[in-house]
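Structure provided below as structure tokens; questions to follow.
The values are calculated or read from the model by the stated rules, or taken from the named source; none is laboratory data. Predicted model, so just to flag it, every value in this text is computed and none were measured. Cβ sites come from the backbone with ideal geometry, for glycine too, and all protein chains shown count toward neighbours.
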Amino acid sequence: GAKGMGFTDAGQMWRSGYDMPPEQIGPETDRLWEQVKPMYEQLHCYARGKLDKTYGKDKAEVGNGLIAAHLMGNMWQQDWSNLWDQLEPYPGAGSLDITAALEKQYQTNLSAALAKAGKDANVAAQYKAQREAELRTAKQMTERAQDFYVSLGMPSLPQSYWDKTQFIKPDDRDVVCHASAWDMNMEGDVRTKMCIKPNEENFTTIYHELGHIYYDLAYNPLPPLFQGGANDGFHEAIGDTIVLAMTPKYLSSIGLVDAPTESREAVINNQMRMALSGVSFLPFGLMIDRWRWGVFDGSITADNYNKAWWDLKAKYQGVAPASARGEEFFDPGAKYHVPGNTPYTRYFLARILQFQFYKGLCDASGFKGPLHECTFYGNKEAGQKYWAMLSKGASQPWQATLKELTGSDKLDAGPMIEYFSPVNAWLKQQNEGQMCGWQASAAPAAAAK
Ligand code: X8Z
Ligand code: ZN
């Protein structure tokens, strides 16, 4: 299909959506990766040291500094948040247990629903009460996310959103639970599709999905061709920008966690929490499409699909499987976006852009201080500036849109590095004297053992 439209292959088609010659986007992402790689290497080094302690070096590592993939707390090693109990820098300092708070909310809803069902409720009635509590909690979480956008001056979501959205997993049919956002008719019938559970990851994912929805609503008045993100990375970055503004101060202001602790230990803990989801993601965000571009242009062949996948994971992420993953396996297929055929470079770009947007909005709100302390919750100036950007949709090159928000028309990891500078300095201290980094060439040998 791509060839029929004049592209050399599907990879070039994917790379052609960036208001620049398609051959430039690969090197552009390389440039950004080089900017953030030192930070990733510090996190990798620290995580490896901790995993060595827990499991022993012979189990935690696969050779040449590569970390055993199955220990990262995530099937794709794309988000290391689940390693928190091992990696928390100062146990208990400024503890932000969002999951516990949401779980508590669910328990409250459950008690209420069970009380309503009555003490003689049979199993079916109890099950109904449980479903009711799950739905109620999921809606409350979504209302909290909506409230952030509304606090910026954006509209409330239309009633049809609340009526037609899939908040929790239906119990009468099989569904894809991977979160998604839908603009059904380009005039206000917007919906999200999730199987919301009361935990931190799902909570921030709702903010992410509403970013898509508010983008849709803002550009819906434009002609159809302009109804899209400035580029696909913009679309992914809208909600993620809001997630950065979910500071401990914001979280306590909405009553989700206790009043924030201002200590240095608490700051480092919170930065680590953010780095475990944001920094760990970077090389993963890059390698998926390195693999697919190779598949599409023929440089990765079918007899090598799994090897090429793990070679790229070793090169970029510094992880490797602890036991052989030969060609009888197809590990790329386990990642939603691969069988779903959704390009992935957008998420890498979003990880960079979200910090550029965040800094732009912090500036607009008049914030002065260390970037990681900024929240623009409730700030109408920031909100207006954001809405103005969203309303432009795809009506002009993204470079112009970026410039209006941030003053620069270039992708730049500078704001991300600035944001993480406290934890980055801390990590360097922790890693002092360690041999950081890894050699990707160890992967095939390791896989063969
Ligand atoms: O797929 C998503 C969103 C839907 S657009 C939930 N994300 C990527 C993933 O889960 O792999 C968000 C972060 C990266
Ligand atoms: Zn998304």
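Which residues, counting only those in the range 223-252, are among the small types (Gly, Ala, Ser), under 18 Å from the mean Cα position of the chain (by Cα) and more than 16 Å from ligand 2 (Cβ to nearest atom)?
Ala245
Continuing with this model, one more query. Tally up the residues in the range 390-412 that are in contact with a Leu (Cβ under 6 Å, 6 or more places away or on another chain) and free of Cβ contacts under 8 Å to residues at least 60 places away in the same chain, please.
Counting residues in the range 390-412 that are in contact with a Leu (Cβ under 6 Å, 6 or more places away or on another chain) and free of Cβ contacts under 8 Å to residues at least 60 places away in the same chain gives 1.
Conditions: (1) under 30 Å from Thr401 (Cβ atoms); (2) assigned to a loop (DSSP other than H, G, I, E, B); (3) not basic (Lys, Arg). Pro260 meets all but one. Number of the miss?
Status for Pro260: all satisfied but (1).
Kindly provide the set of residues from the range 161-215 that are part of a loop (DSSP other than H, G, I, E, B), buried (at least 17 other Cβ atoms within 10 Å of the Cβ) and within 16 Å of ligand 2 (Cβ to nearest atom), ordered by number.
Matches in the range 161-215: Thr165, Ala179, Met194, Cys195, Ile196.
List the number of the failed condition for Ser95; all other conditions in (1) of a type in the set (S, T, N, Q); (2) within 30 Å of Asn341 (Cβ to Cβ); (3) modelled with pLDDT under 95 hold.
Condition not satisfied by Ser95: (2).
Taking Asn220 and the conditions (1) over 22 Å from the mean Cα position of the chain (by Cα); (2) within 14 Å of ligand 1 (Cβ to nearest atom); (3) polar (S, T, N, Q), which numbered condition does it fall short on, given that it satisfies the others?
Just one mismatch for Asn220, condition (2).
Restricted to the range 372-396, and to residues that are in a helix (DSSP H, G or I) and either in contact with a Phe, Trp or Tyr (Cβ under 7 Å, 6 or more places away or on another chain) or within 13 Å of ligand 1 (Cβ to nearest atom) (or both), which residue is nearest to Val423 (Cα to Cα)?
His372
Turning to a different aspect of this structure: List every residue pair whose Cβ atoms sit under 7 Å apart, with the two residues 6 or more apart in sequence or on different chains, where the first one lies in the range 222-247 and is on the phi < 0 side of the Ramachandran plot and the second, anywhere, is assigned to a loop (DSSP other than H, G, I, E, B) and of a type in the set (S, T, N, Q).
Leu222/Ser395; Phe226/Ser395; Gln227/Asn220; Ala245/Thr375; Thr247/Thr375
Sticking with this structure for a sec: Which is touching a residue at least 60 places away in the same chain (Cβ under 8 Å), within 16 Å of ligand 1 (Cβ to nearest atom) and not polar (S, T, N, Q), of Met154, Met141?
Met141
Something else about it: Say we look at the range 1-32 and pick out the residues that are part of a helix (DSSP H, G or I), out of contact with any Asp or Glu (no Cβ under 8 Å at 6 or more places or on another chain) and small (Gly, Ala, Ser); which of these is surrounded by the fewest Cβ atoms within 10 Å (Cβ to Cβ)?
Gly4
Take the range 361-410 and flag every residue that is of a type in the set (Phe, Trp, Tyr) and touching a Ser or Thr at 6+ places or on another chain (Cβ under 9 Å).
Phe367, Phe376, Tyr377, Tyr386
In the range 139-160, which residues are closer than 23 Å to Leu256 by Cβ and assigned to a loop (DSSP other than H, G, I, E, B)?
Across the range 139-160, the qualifying residues are Leu152, Gly153, Met154, Ser156, Leu157.
Search the range 174-187 for residues that are more than 13 Å from Lys164 (Cβ to Cβ) and pair each with any residue that is outside any loop (DSSP other than H, G, I, E, B) and more than 15 Å from ligand 1 (Cβ to nearest atom) when their beta-carbon atoms are under 8 Å apart and the residues are at least 6 apart or on different chains.
The qualifying pairs are Met186/Pro224.
Out of everything in the range 397-436 that is in a loop (DSSP other than H, G, I, E, B) and within 24 Å of the chain's Cα centre (by Cα), what residue ends up being farthest from Pro89 (Cα to Cα)?
Filtering the range 397-436 for residues that are in a loop (DSSP other than H, G, I, E, B) and within 24 Å of the chain's Cα centre (by Cα), the one farthest from Pro89 (Cα to Cα) comes out as Asp409.
From the list Gly369, Gly255, Gly326, Gly360, which one is of a type outside the set (A, V, I, L, M, F, W, C), more than 16 Å from ligand 2 (Cβ to nearest atom) and in a helix (DSSP H, G or I)?
Checking each option against the conditions leaves just Gly360.
Is one or more of the residues making up the range 61-81 acidic (Asp, Glu) and buried (at least 19 other Cβ atoms within 10 Å of the Cβ)?
Looking through the range 61-81, at least one residue is acidic (Asp, Glu) and buried (at least 19 other Cβ atoms within 10 Å of the Cβ).
Say whether the condition of being assigned to a helix (DSSP H, G or I), more than 24 Å from Leu83 (Cα to Cα) and out of contact with any Lys or Arg (no Cβ under 7 Å at 6 or more places or on another chain) is met by at least one residue in the range 274-290.
yes
Being closer than 24 Å to Gln159 by Cα and away from ligand 1 (no atom under 16 Å from the Cβ), is that true of even one residue in the range 200-215?
For the range 200-215, residues closer than 24 Å to Gln159 by Cα and away from ligand 1 (no atom under 16 Å from the Cβ): absent.
Any idea which of Ala314, Ala382 is surrounded by 21 or more Cβ atoms within 10 Å (Cβ to Cβ) and under 27 Å from Gly65 (Cα atoms)?
Ala314
Of everything in the range 313-345 that's of a type in the set (Ser, Thr, Tyr) and under 19 Å from Trp293 (Cα atoms), which residue is farthest from ligand 1 (Cβ to nearest atom)?
Residue satisfying both the conditions and the ranking: Tyr316.
OK, next. Confirm whether Ala181 is within 30 Å of Pro22 (Cβ to Cβ), modelled with pLDDT of 95 or more, hydrophobic (A, V, I, L, M, F, W, C) and within 14 Å of ligand 1 (Cβ to nearest atom).
It is true that Ala181 is within 30 Å of Pro22 (Cβ to Cβ), modelled with pLDDT of 95 or more, hydrophobic (A, V, I, L, M, F, W, C) and within 14 Å of ligand 1 (Cβ to nearest atom).
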